[in-house]
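A short write-up of the structure that comes next.
Any read-out appearing in this document is the output of simple, stated calculations on the displayed coordinates, not a laboratory observation. Since the structure is predicted, the reported quantities are computational estimates derived from the model, not experimental observations. Positions of Cβ are backbone-derived with ideal geometry, glycine not excepted, and every protein chain shown enters the neighbour counts.
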Amino acid sequence: VIGETNAQPAHLIVNASQGGSKIPDTLFGIFFEEINHAGAGGLWAELVSNRGFEAGGQNIPSNIDPWSIIGDESSVIISTDRSSLFERNKIALRMDVLCENKGCPTGGVGIYNPGYWGMNIENGKSYKVIFYTKSLDSVDISVSLASTNGSQILATSNILASSSEVSNWKKVELQLEAKGTDHYARLQLTTTKKGVIWFDQVSAMPVDTYKGRGFRKELVQMLANLKPRFIRFPGGCFVEGEWLRNAFRWKESVGPWEERPGHFGDVWMYWTDDGLGYFEFLQLAEDLGSLPVWVINNGISHQDQVSTSSILPFVQEMLESIEFARGDANTKWGSVRAAMGHPEPFNLKYVAIGNEDCGKKNYRGNYLKFYDALKRSYPDIRIISNCDGSSQKLDHPADMYDFHVRESIYTSASRIFSMNHQFDHTSHTGPKAFVSEYAVTGTDAGIGSFLAALGEAGFLIGLEKNSDVIEMASYAPLFVNDNDRRWRPDAIVFNSWKQYGTPSYWMQQFFAESSGATLLNHVLQSNLSSSLVASTIKWRSSEDNTDYIRIKIVNFGGEAVNLKISLDGLTNSKYFTGSTKTILTSKNLMDENSFTEPNKVVPVQSLFENAGEEMDVMLPPHSFSSFDLLTK
Ligand code: AHR
């Protein structure tokens, strides 16, 4: 017997016979929002920030931040004008070089871009640089990747072109191989030739991205490890905008990257070049084997609203977005998708009408217009309302309703833990719930505490147990670039070159096998019902083609528990050797991971020697345990 004196006793009796109920295939997924530089300067591997010089706005002259000059104003002057060859983003950079040859500072004069808090350039790796340039004379431009302050050149190449080649815009494409490493490097365009040169749409990308799609590999891998069954995108408030004029508009985010105007997201207050656009989200979902959940702008932002009588253009824009995703290559928008390299339709089946807009004046009116149009043209699409239907019937038609854990966004660890009963009394008829945003925030959470993860684990166990009324659930926010924490905590933290999971990220891995599994019935006998919660699933691993029973249990209390587990009615032949137990716990409730200690709070797996039909286990105080029993 593994036990601890003074530990509280409890008994979990699992009905392991055939039966139980199927958990929806879609239950656990992820929610990607462009917040905290999650995409621009994050998941999207583009190294150049403000690549088209549009971020300063359409007025000229404009601020071209974060671009800066190399040299001083006696040798080089930069300004912006509207000479770009791209119609939707007319701003280009004009560079007047005033020095010549040896009269120029060593290394020449020009411009550099530090990327998003530094570019990660690594020895031996290749980087693809593309830019457009124009000049009245011939040009001699050095393109280089250089260390933070420019003192060391890590990779370089020279572009020579005659005046006739560059008299109109010329596209330059080259590949640079780094001969050194600097995680905070920069891209430089320099010259020692007097004259005027224009630049536009300057891009630098690592050659090695996830499936060659342009995503940062290690970050996508962290998503893949969660086995997400869906991906909700692109927000969140990012979808709405503080003002509608700054909301995400999908049409501006598709087609060739050079032609995308980019936009200023005025909720999270930063510019995105929109390299990560609607197409890329759909592609990412497909690559991860996840269903896309497309959150559309319903004509409502934080500050302004389109009236229902004028909403039809927005409805049309939504219908066209579905045609883009699903229409065949002969349709107007399907052909744009096909031209982007994806002639087959994407598997888009879920559309959410707005984000957190239920209480707003025009929501119901607008919603019904979107709903009717969508049902008419795409009856198979599951439509998600922003209004919470968990405790009362919706007053409008919907296939699903959005439930955000909300007690002034979001909540405490003890409250979310107690919310494992939130859906116990939800009606079984009517639309299913999509818990599209949940997390512990505030003092219990810090920037990602173990305590937060423990509370959330209890909540997810409750969702699993009530998965007959819940179709989907996702944590929020997913990513944070450590240099721009707009929201805390988050699941995955990164900078230009490193990343780690918060305890909440690791907690979610315990649920990676739940979607589509069978929920087994159990009875938990204990005096600690307010601090113990368990669920039991049966699932088949595709990795070893073996059946498992997984018992997950959260001990939210401060006392150890001696738990007896009984598997009743196990009819198949039993084979417990190789069973494992995994525990997520920590010395202190507020322990967090960090770049220096990325594995301070991570699950610890070991062989579960005493697996059997009757088992005695000890649950440490404040712990989340999972027992994976092999049942061949
Ligand atoms: O997840 C962060 C924000 O919280 C989302 O943008 C919004 O939907 C919610 O208010």
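General observations
- With θ taken as phi - 60° and the Karplus curve 6.51 cos²θ - 1.76 cosθ + 1.60 applied, the whole-hertz 3J(HN,Hα) list for the stretch 139-150 is 10, 9, 10, 8, 10, 9, 9, 10, 5, 2, 9, x Hz, x standing for glycine and proline.
- Label-point separation, S163 to R88 (7 Å along Cα→Cβ), nm: 3.6
- Sites I583 and K217, calculated FRET efficiency, Cβ-Cβ separation with R0 25 Å, nearest 0.05: 0.25
- The slack between R376 and H396, meaning 0.36 nm per residue of separation minus the straight C-alpha distance, is 5.6 nm.
- Sites K171 and D616, calculated FRET efficiency, Cβ-Cβ separation with R0 56 Å, nearest 0.05: 0.20
- Set of lysines near K632 by C-alpha distance (under 27 Å), chain-local residues within fewer than 8 positions excluded: K22, K227, K465, K538, K552, K564, K574, K581
- For the stretch 142-212: rounded, prolate or oblate by the Cα gyration tensor [a/c cutoff 1.5]: oblate
- Three-way shape label, the stretch 248-386, alpha-carbon gyration tensor, a/c 1.5: oblate
- Cross-link partners of K193 among lysines (Cα-Cα below 25 Å; sequence separation of 8 or more within a chain): K102, K128, K134, K170, K171
- Per-bin percent of Cα-Cα distances, the stretch 217-294 [5 Å]: 3, 16, 23, 22, 19, 14, 4, 0
- Ordering of 500-508, 549-557, 99-107, 485-493 by packing is 500-508, 549-557, 485-493, 99-107, highest average first (other Cβ atoms within 10 Å, averaged per residue).
- Along each principal axis, Cα extent of the stretch 349-409, largest first, Å: 37, 23, 19
- Proximal lysines relative to K361, as straight alpha-carbon distance under 25 Å, when same-chain residues fewer than 8 apart are discounted: K369, K375, K393, K432
- DSSP beta bridges fully contained in the stretch 197-328 are about 50 percent antiparallel.
- Residue-span extension gain [K600 to E559] - 0.36 nm each, minus C-alpha spacing: 12.6 nm
- As a calculated quantity, the FRET efficiency between T331 and N6 at R0 = 60 Å, using C-beta atoms, amounts to about 0.30.
- Linear extension gain, D137 paired with S309, 0.36 nm per residue minus alpha-carbon span: 56.4 nm
- For the stretch 61-158, the spread of Cα positions along each principal axis, largest first, Å: 37, 36, 25
- Across the stretch 455-472, coupling constants 3J(HN,Hα) worked out from phi with the 6.51/-1.76/1.60 Karplus curve, θ = phi - 60°, read x, 5, 4, x, 4, 5, 4, x, 5, 4, 5, 9, 6, 6, 10, 10, 9, 8 Hz, and Gly and Pro carry x.
- Proportion of all alpha-carbon pairs of the stretch 562-632 beyond 15 Å (%): 60
- Each peptide in 26-33, 534-541 was scored by the mean count of other Cβ atoms within 10 Å over its residues; highest first, the order is 26-33, 534-541.
- Largest to smallest principal axis extent of the C-alpha atoms in the chain, angstrom: 85, 57, 42
- Take the Cα of Q58, step 7 Å toward its Cβ, do the same at F264, and the gap between the two points is 1.3 nm.
- Between I159, F434, N562, the Cα set farthest toward the positive side of the dipole of the chain (charges on each charged residue's Cβ, about the Cα centre) is that of I159.
- Here the label points at H425 and H342, each 7 Å from Cα along the C-beta direction, are separated by 4.4 nm in the simple model.
- Note, ³J(HN,Hα) from phi for the stretch 313-318, Karplus 6.51, -1.76, 1.60, rounded to Hz, x at Gly and Pro: x, 6, 5, 4, 4, 5
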